[in-house]
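What follows is a single structure, written as structure tokens, with notes after it.
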Amino acid sequence: MSEIGGPDDGGDSIVDRMEAAKLPVPDEVAEAIRTLIRWSGDDPDREGLRDTPKRVARAWKEYCQGYLVDPADYLSRTFEEVGGYDEIVLLRDIPFQSHCEHHMAPIIGKAHIAYLPTDRVVGISKLARVLHGFARRLQVQERLTAEVADCVWHHLKPQGVAVVIEASHACMSARGVRTTGVSMTTSRMMGVFRDDERSRAEVLKLMGF
């Protein structure tokens, strides 16, 4: 019986085989990260940083998984048998993480997504998947808000859509003005939530505003 980190029948440790099974990192990508480490003032060849370029490269592939999906696909399966329900559907406080396209710094926040169905609804987890599909790309919060709302609007064809996003931006808190504890709020209202003041007030109240 082999031990973790010890020799196995193929001569490679389990750790070695797990490492080999990871996403391959092109040499030019690893070298670009090594260059950044040097430019930052450290030595990419020292022990603690030796494997950092590949780790960073794989992490960015994970951060940017949204480029590999079409968020609209999550809204392709809908349900019409809702027992006559015709009121607001709201998913509140959906946590998400994105990265600012200007400094590639983290954006961390939560979103509230609501729609007023016409004749069909979608599984609630799909609203979160739509958000994450767009968030896992290089973003600005304003565009992220619009993309989520537009996607729900065009593919569910509801009477109204409301999306509100609250987030903190490391490009502001960790650099530049270095102001912590500040959050940014963006919203997009469509259909009845834009045209009817009472409907807009109702959905914002349900969201907690």
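The values are calculated or read from the model by the stated rules, or taken from the named source; none is laboratory data. None of these values were measured; they are calculated from a predicted model. Cβ atoms come from the backbone with ideal geometry, glycine included; neighbour counts cover every protein chain shown. Protein only, heavy atoms only, side chains kept; ligands, DNA and RNA dropped before computing areas. Shrake-Rupley method; radii C 1.70, N 1.55, O 1.52, S 1.80 Å.
Structure notes:
- Where residue 41 falls short, out of the listed (1) of a type in the set (Gly, Ala, Ser); (2) on the phi > 0 side of the Ramachandran plot; (3) within 20 Å of the chain's Cα centre (by Cα): (3)
- If you go through the range 48-68 and keep only what is in contact (Cβ under 8 Å) with a residue 24 or more places away in the chain, open to solvent by 50 Å² or more (accessible area, probe 1.4 Å) and in contact with a His (Cβ under 9 Å, 6 or more places away or on another chain), you end up with 63, 65.
- For the range 70-83, residues that are more than 12 Å from the chain's Cα centre (by Cα) and surrounded by 14 or more Cβ atoms within 10 Å (Cβ to Cβ) total 4.
- Candidates 146, 174 - the one that is surrounded by fewer than 21 Cβ atoms within 10 Å (Cβ to Cβ), among the aliphatic types (A, V, I, L, M) and under 15 Å from residue 193 (Cβ atoms): 146
- Selection of the range 84-127 for residues being open to solvent by 20 Å² or more (accessible area, probe 1.4 Å) and part of a helix (DSSP H, G or I) yields 124, 125, 126.
- Taken over the range 63-90, the criterion of being at pLDDT 95 or above and of a type in the set (Asp, Glu) is satisfied by 70, 73.
- Residues that are under 20 Å from the mean Cα position of the chain (by Cα), open to solvent by 30 Å² or more (accessible area, probe 1.4 Å) and not charged (D, E, K, R) within the range 183-195 comprise 183, 184, 185, 187, listed in sequence order.
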